[in-house]
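A quick write-up on the structure given underneath.
Coordinate-derived values only; no laboratory data. Computed from a prediction, not measured in an experiment: that's the story for all the values here.
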Amino acid sequence: MFDQIIEKTDIIGLHFEKNLSIGNKFYTHVIASSGPGISDFVTHSDAFHYTQYGIHIAQVDRLTFFGDPNQIITGHFVDCREGSPTLHKYVSIDYYPDPTKKLNIDRGIAHTFDGLENVLTRDEPIWYMSVGNSDYNMESDVINVPRELELNEFPEVTINKYPIPREAYEFVLGIQHKNMTELQEYPNRVLVNIDGEKRYVTITPKKGDKEN
């Protein structure tokens, strides 16, 4: 389910893979990667800026970046996987939009980016499930971490382990699409400590009053 690795990093599961593509110096036609064949496309405005890291428990991100080939993108990554030999290791990568390759970010690796203004991203996610994983929430598979947090304060999370069939993708997508239609802004899911117990709190922006 994974394509050829062409650039590695110091965190296992964080690397660039080769995209299947054809073209010339004027255009590039990018073909879908191996896997379930599901893609998400996200546009970014000229004022876009991330204020937090995101951590997926169930989802592997496979990101292709489309945009000005001279625009520098900087990715920031922290390994948050419980038991990982590189737990809380930080890696920063500078790269450019390039349709011939995609960035693979495994579950449990916190990530955020600078330099995505006017860039289009294609994500071809791969999802995993587990039974009884308290770190996982099917409706919102993102844990948010402030960018200014010290490395040793990043969470340690248990990632989901088992790849799912196509039918499960369709089920989860249905839940996510239903939730998205009700959102004005994306909620933040953060880890807190209450009476010595680890708990997750979802913070949803309050809808503004409708004008008469």
> So how tilted is helix 166-181 from the main axis of the chain? Cα-based, degrees 0 to 90, rounded to 10.
Replying inline: 70
> Using 0.36 nm per residue, how much length does the chain from L151 to Y95 gain when fully extended, once their Cα-Cα distance is taken away?
Replying inline: 17.9 nm
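Is it possible to state the helix-based mean residue ellipticity at 222 nm for the chain, with each DSSP H run of 4+ residues giving -39500 (n - 2.57), the sum divided by total residues, to the nearest 500 deg cm²/dmol? What is it?
Rounded to the nearest 500, the figure is -2500 deg cm²/dmol.
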> For q = 0.15, 0.22, 0.25 Å⁻¹, what log10 I(q)/I(0) does the stretch 45-127 give under the Debye formula with an equal point scatterer on each alpha carbon and no solvent?
Replying inline: -0.55, -1.11, -1.32
> Expressed in nm to one decimal, what extension gain is obtained for the pair I194 and F66 from 0.36 nm per residue of sequence separation less their Cα-Cα distance?
Replying inline: 41.8 nm
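Relative contact order of the stretch 5-186: what whole-number percent is it, with Cα pairs under 8 angstrom and at least 6 residues apart? Let's see the in-between values first.
Working: 373 pairs, mean separation 52.1, N = 182.
Dividing the mean separation by the residue count of the stretch 5-186 yields 29 percent.
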> Of K178, K18, K102, which is the most mobile in a GNM of the chain whose springs link Cα atoms less than 10 angstrom apart?
Replying inline: K178
>> Restricting to Cα pairs below 8 Å that are 6+ residues apart, what does the relative contact order work out to for the stretch 49-155? Please round to a whole percent.
In response: 45
> What is the stretch 5-186 by shape, rounded, prolate or oblate, if you read a ≥ b ≥ c off the alpha carbon gyration tensor as root eigenvalues and call it rounded for a/c under 1.5, prolate for a/b larger than b/c, and oblate otherwise?
Replying inline: rounded
> Highest GNM mean-square fluctuation, the chain, Cα pairs closer than 10 Å: which of I194, I109, I72?
Replying inline: I194
> Pick from F66, F16, F48: which residue has the top mean-square fluctuation in a GNM of the chain where Cα pairs under 10 Å get a spring?
Replying inline: F48
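For the stretch 1-85, what's the relative contact order in percent, using C-alpha pairs closer than 8 Å and at least 6 residues apart? Intermediate results must be reported in sequence, preceding the final value.
Details: 43 pairs, mean separation 14.7, N = 85.
RCO, the stretch 1-85: 17 percent.
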